[in-house]
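The values are calculated or read from the model by the stated rules, or taken from the named source; none is laboratory data. Quick caveat, the model's predicted, so the values are computed rather than measured. Neighbour counts run over all protein chains shown; Cβ positions are idealised from the backbone, glycine included. What goes into the accessible areas is simple: the full protein's heavy atoms, side chains included, and nothing from ligands, DNA or RNA. Shrake-Rupley method; radii C 1.70, N 1.55, O 1.52, S 1.80 Å.
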Amino acid sequence: MHVIDERLAQWAAHASQPQLRAGPTVDDLGGLEAILVAADHLAQGPFLHHLIQATAHHLDAFGTEACKPLYDAVLGGLRTNKNHAAFASATDVLAGRPALARELGTPLTRVLLAHLQQAQDADDDIAAALIGVEAADCLVQLTLAGVTKAARLLGAMDEATEDPAALPEAMATRLPRLLGVLDAHHPGAGLREALERCLMLDHTCRDAAFELALGDLRQALEQDQYTPMAEQLRKTQDRLAELITLDPDRLDAQLYHAALEAVLGLSAPDAPTRVRTAASTLRDTLHRYRDYRYRTRTPAWARPRQNDVIAWSELTVVLDGAAAHLADDDPWYEGGHDILSALLRAYTAHNTVAVLRDTPAAAAVETLVAPVIEYALLQHEHRQRFLQHALAHDEEIRDDPAAQQLLAGLLNRTKSRENSSDQQAADQGKARRWQRLAHQLKDDFAAFVDRTPEHVLDRLELGLRTHDDVLAAIADPKYGRLKARLLRQLENSSDWIAGIADEFTALLETTIRFAYLCYDIGRKMGGSYTEYLRKRDKDGKKQKVDEALFHQHYREVLQFSALFSVVNSEVIDKAGGRTDILVSFGAVQFNVECKIEEDDASETALRQYVAQAAEYQNTNAGFAILVALDKTVDAEGAVNLFESIWIEPVQRPGEAEPCLVVIIRVPGGRENPNLLRPAPAP
């Protein structure tokens, strides 16, 4: 064994993992003189990359003058080593150390270009062909890092692909990817023509087609108007579709195709379905792509490309969240905060897409996405009011610059539309209320309104309005968010199935409305049924507060709801006890327990009652409701409604999953709000 090999073995046996990755130093190999004596052995053998690592360490420690003897050894090794694996390891190390490559300067560029030239005439010499393409790969990385000038490499690559059929297949196969990366950073250098020449060969056509598609994508995102950008993106998508037909296992093409489908589908009439399908396809493909990627070596130039794939995937997920609420008939009844958050994420997703460049392609969002979000709000006046209300009252939305930007965009579009239209109808409100008709008639709508008698317009408006329109206009967004939060938790139960889910939802909605009534009822309203909600009457006499009144009022609310025929109170012999309220939907039954708490109505304290509510559901669906009357409010006042409704899972030994008990806390025995003062500081 050569003495330098022994030193390498000794170093490797004692080096840490970080040291192994960084490589040996000059001292690890016996000193500068020992390395120079063994320079030919290191340069010609499998350890050329260790020579480069040691030289890089020495440069960092002692500077250029001390390393000059080593530079000759490194360049000699790169020039004469015929082992493909050794050369590939060496160029990989060199590409990761641009400071050393810069010191090696023009001689390094000449050596690598010479290998690229020699590979073109390699014929059956596979090692020479592979060394040539490794040299090209290294030159690409050094060019992107600004170490070497691009002109010589661009000319050499164009010359090398002048006749791709004459190149060794092992070399030609890897060239299209390098051409595509260079074309992304140096458009107009003629590399697109080189890629088109690669379309003629079976072993290069797939990569060449993919790189040309990415070039089309970059050109599309340079447009500043919707129509030309969308048309170019469709052409890109068509090219990707052809490639997928040719190579069904081409995962990167499938990812870009699905992402473009989501972007283009956002403005389609069936946007929720189309974008959701695209996002689902992309999600499945991305799992396979990541699995493939983690099992392969990734060159440095490919990392931005993989980051780009992830960026497009993230944009698609964002668009999927927004598209769910873009349908013209989506009432926005529920989850108001979540809806606005999803739309705002899409509206300002400028930094998601890069397309193999350092500068984000904000145009993709500004041109293709933002107008769709604005249009969705402009078509429904209540949605604009919804945004304005959130900006005024929702702390998260109010502090979000994206929300301010969206409101400004809406106001600007509204003003521009009013100023640019020469044929305004007298009643612009009709255009907003009749959004479907206005959308269908487009420019003819204004003339239609002008020519039609007023009484006919009134009848038409009455006919176009629906029950859903009325509900949409009066919907409470915060109630919608509360209900959505509860349903998301309930949906996790295996009992949330047909015949149970809708029925429990109906009972839950009615009970929440009861809580609203309890919070808002006045001191002189409700009569004797609501005495339990007040502490004293107008004469200062202490009010009667007992469980019977509490039960009776809740039962009366149920009786005046759609559930009037299925409500039973004080049902005995139920699980060995007596339920307060039992609501029966045929064989499916739910119990509601009504409790009064005078000492501690915190979430922790109210858990003592949930076991009883769960016990009554042992032979039925795992859902129940506990309505707790909080008599502890006193001078601190009542906790707000939305913090007083939550779900408590009751998990007991022997049961596979918990019974979900919805706890609704209502304030009872309240003082006059005028007398309330804040609680003492903790």
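With the requirement that a residue be in a helix (DSSP H, G or I) and either modelled with pLDDT of 80 or more or touching a helix residue (DSSP H, G or I) at 6+ places or on another chain (Cβ under 8 Å) (or both), what does the stretch 533-550 give you? If you could, list the steps in order and put the result at the bottom.
As a first pass, look at the stretch 533-550 and keep what is in a helix (DSSP H, G or I): 533, 547-550.
Matches in the stretch 533-550: L533, L549, F550.
Conditions tested, residue by residue: (1) part of a helix (DSSP H, G or I); (2) touching a strand residue (DSSP E or B) at 6+ places or on another chain (Cβ under 9 Å); (3) open to solvent by 40 Å² or more (accessible area, probe 1.4 Å); (4) at pLDDT 80 or above.
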residue	(1), (2), (3), (4)
A363	yes, no, no, no
E366	yes, no, yes, no
I373	yes, no, no, yes
Q388	yes, no, yes, yes
A392	yes, no, yes, yes
E396	yes, no, yes, no
(message) Can you list residue pairs whose Cβ atoms sit under 7 Å apart, with the first residue in the stretch 27-50 being without any contact (Cβ under 8 Å) to a residue 60 or more places away in the chain and the second being of a type in the set (F, W, Y) and open to solvent by less than 40 Å² (accessible area, probe 1.4 Å)? Count only pairs 6 or more apart in sequence or on different chains.
(response) D28/W11
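Which of the following residues is farther than 28 Å from S89 by Cβ and of a type outside the set (K, R): M157, M229, M171? Steps first, please.
Values: M157 fails: farther than 28 Å from S89 by Cβ; M171 fails: farther than 28 Å from S89 by Cβ.
Being farther than 28 Å from S89 by Cβ and of a type outside the set (K, R) holds for just one of M157, M229, M171, which is M229.
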(request) Could you check how many residues of the stretch 107-123 are in a helix (DSSP H, G or I) and open to solvent by 70 Å² or more (accessible area, probe 1.4 Å)? (result) 3
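Pull up the stretch 572-615, narrow it to residues that are among the polar types (S, T, N, Q) and open to solvent by less than 10 Å² (accessible area, probe 1.4 Å), then point me to the one that is modelled with the highest pLDDT.
Keep residues of the stretch 572-615 that are among the polar types (S, T, N, Q), which gives 579, 584, 589, 591, 602, 604, 608, 612.
Retained after the next criterion (residues that are open to solvent by less than 10 Å² (accessible area, probe 1.4 Å)): 579, 591.
Values: T579: 81, N591: 91.
Checked the stretch 572-615; the qualifying residue modelled with the highest pLDDT is N591.
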(request) Output the residue which, of all residues in the stretch 156-172 that are within 41 Å of the chain's Cα centre (by Cα) and surrounded by fewer than 19 Cβ atoms within 10 Å (Cβ to Cβ), is modelled with the highest pLDDT. (result) E169
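Take the residues of the stretch 625-660 that are of a type in the set (S, T, N, Q) and without any contact (Cβ under 8 Å) to a residue 40 or more places away in the chain: which is most open to solvent (accessible area, probe 1.4 Å)?
At the first step, the residues of the stretch 625-660 found to be of a type in the set (S, T, N, Q) are 632, 640, 644, 651.
So of that shortlist, the ones also without any contact (Cβ under 8 Å) to a residue 40 or more places away in the chain come out as 632, 640, 651.
Numbers: T632: 41, N640: 75, Q651: 98 Å².
Checking each candidate, the answer is Q651.
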(message) For the stretch 27-41, check the following and say yes or no: at least one residue is closer than 30 Å to A122 by Cβ, open to solvent by 10 Å² or more (accessible area, probe 1.4 Å) and among the acidic types (D, E).
(response) yes
(message) For the stretch 326-345, check the following and say yes or no: at least one residue is touching a helix residue (DSSP H, G or I) at 6+ places or on another chain (Cβ under 6 Å), of a type in the set (A, V, I, L, M, F, W, C), at pLDDT 75 or above and under 30 Å from V181 (Cα atoms).
(response) no
